[in-house]
Amino acid sequence: MTSAVRRRVLCLPGSLRRASANRAALEAASELAPASLELDVFRGLGALPWFNPDEEQGQLPSAVVALRTQVALSDALLIACPEYAHGVPGAFKNLLDWLVGCPRFPGTPVALLNASGRGSHHAQDALREILRTMSADVLDGVSGTVSLPGAGCDAAWLLGQPGPRGELAALLDRLARALGVA
């Protein structure tokens with residue numbers, strides 16, 4: 001393996017919140033990523049229309065085309081999704097519904113980043129079930145928790161905290177190994 005080998009990872013934040021800890025964790029991850037990983041944070045969650053199977057019969061909405069294109073161009077996904085009422089937020093489930101019909105999605109390696117300081121697990125469990133049903137390759141050995149205080153922290157704060165920074169760096173190292181570029 002040469003050092004020139006890079007894998008593209010699309011980071012999917014599961015929150016619409018402007019000061020989302022999940023987005024902050026993914027933005028910090030893009031700063032910490034080893035040279036073998038190129039991380040891109042998806043910013044179009046709020047632009048996706050509500051999923052309607054009828055829309056898949058004709059020309060797809062442009063926001064859906066953009067999402068599916070980014071997924072198709074990626075070697076893996078890294079998802080950081082909050083938990084609301086013991087489940088996956090509706091906006092993020094909507095994103096996943098749009099990917100069900102994406103021909104390049106089955107077999108996609110997916111790592112889950114739990115950015116909760118409270119040890120929530122219901123959304124993570126639900127995501128695993130949804131993603132496996134969608135034929136994703138869920139990387140349980142890569143997935144992990146980075147304990148953050150919640151909304152309001154940003155990537156700069158996270159990068160300055162040794163604990164969360166180390167947890168995130170370890171997850172990224174595991175991801176690089178799983179993708180064969182460590």
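Where in the chain are the DSSP H helices whose alpha-carbon span along the long axis reaches 20 Å or more and whose Kyte-Doolittle mean is at least -1.0?
162-178
Please work out how much accessible surface residue 8 shows to a 1.4 Å probe, ignoring ligands, DNA and RNA, in Å² rounded to 10.
Rounded to the nearest 10, the figure is 50 Å².
Of the beta bridges DSSP finds with both residues in the chain, what % are antiparallel, to the nearest 5?
Rounded to the nearest five, the antiparallel share is 5 percent.
Mind listing the long-range amide H neighbours of residue 37? Cut-off is under 5 Å, sequence gap 5 or more, other chains count too, H placed in the peptide plane at 1.01 Å from N.
HN-HN under 5 Å from residue 37: 7.
Can you bin region 32-75 into rounded, prolate or oblate? Criterion: square roots of the alpha carbon gyration tensor eigenvalues sorted a ≥ b ≥ c, rounded for a/c under 1.5, prolate for a/b above b/c, oblate for the rest.
It is prolate, given that a/c is not under 1.5 and a/b is the larger ratio.
Probe radius 1.4 Å, ligands and nucleic acids ignored: give me the carbon and sulfur share of the accessible area of the chain as a rounded percent.
Carbon-and-sulfur percentage of accessible area, whole number: 50.
Give the shape of the chain as rounded, prolate or oblate, defined through the alpha-carbon gyration tensor: a ≥ b ≥ c are the square roots of its eigenvalues, a/c under 1.5 means rounded, and otherwise the shape is prolate if a/b is larger than b/c and oblate if not.
Verdict is oblate for the chain.
Top mean-square fluctuation among 57, 161, 70, Gaussian network model of the chain, C-alpha springs under 10 Å?
57
Beta carbons within 10 angstrom, averaged per residue: use that to sort the peptides 74-83, 37-46, highest first.
Descending packing order for the listed peptides: 74-83, 37-46.
Accessible area per residue of the chain at 1.4 Å probe, in Å²?
With all protein chains present, the chain gives 47 Å² per residue.
Taking the alpha-carbon set of region 1-46, what are its Rg and Dmax in Å?
My reading of the Cα-based Rg and Dmax gives 12.2, 40 Å.
The values are calculated or read from the model by the stated rules, or taken from the named source; none is laboratory data. In this text the structure is predicted, and so the values were computed from the model without any measurement. Positions of Cβ are backbone-derived with ideal geometry, glycine not excepted, and every protein chain shown enters the neighbour counts. Ligands, DNA and RNA are stripped out before the accessible areas are found, and what is left, the full protein with its side chains, is counted by its heavy atoms. Shrake-Rupley method; radii C 1.70, N 1.55, O 1.52, S 1.80 Å.
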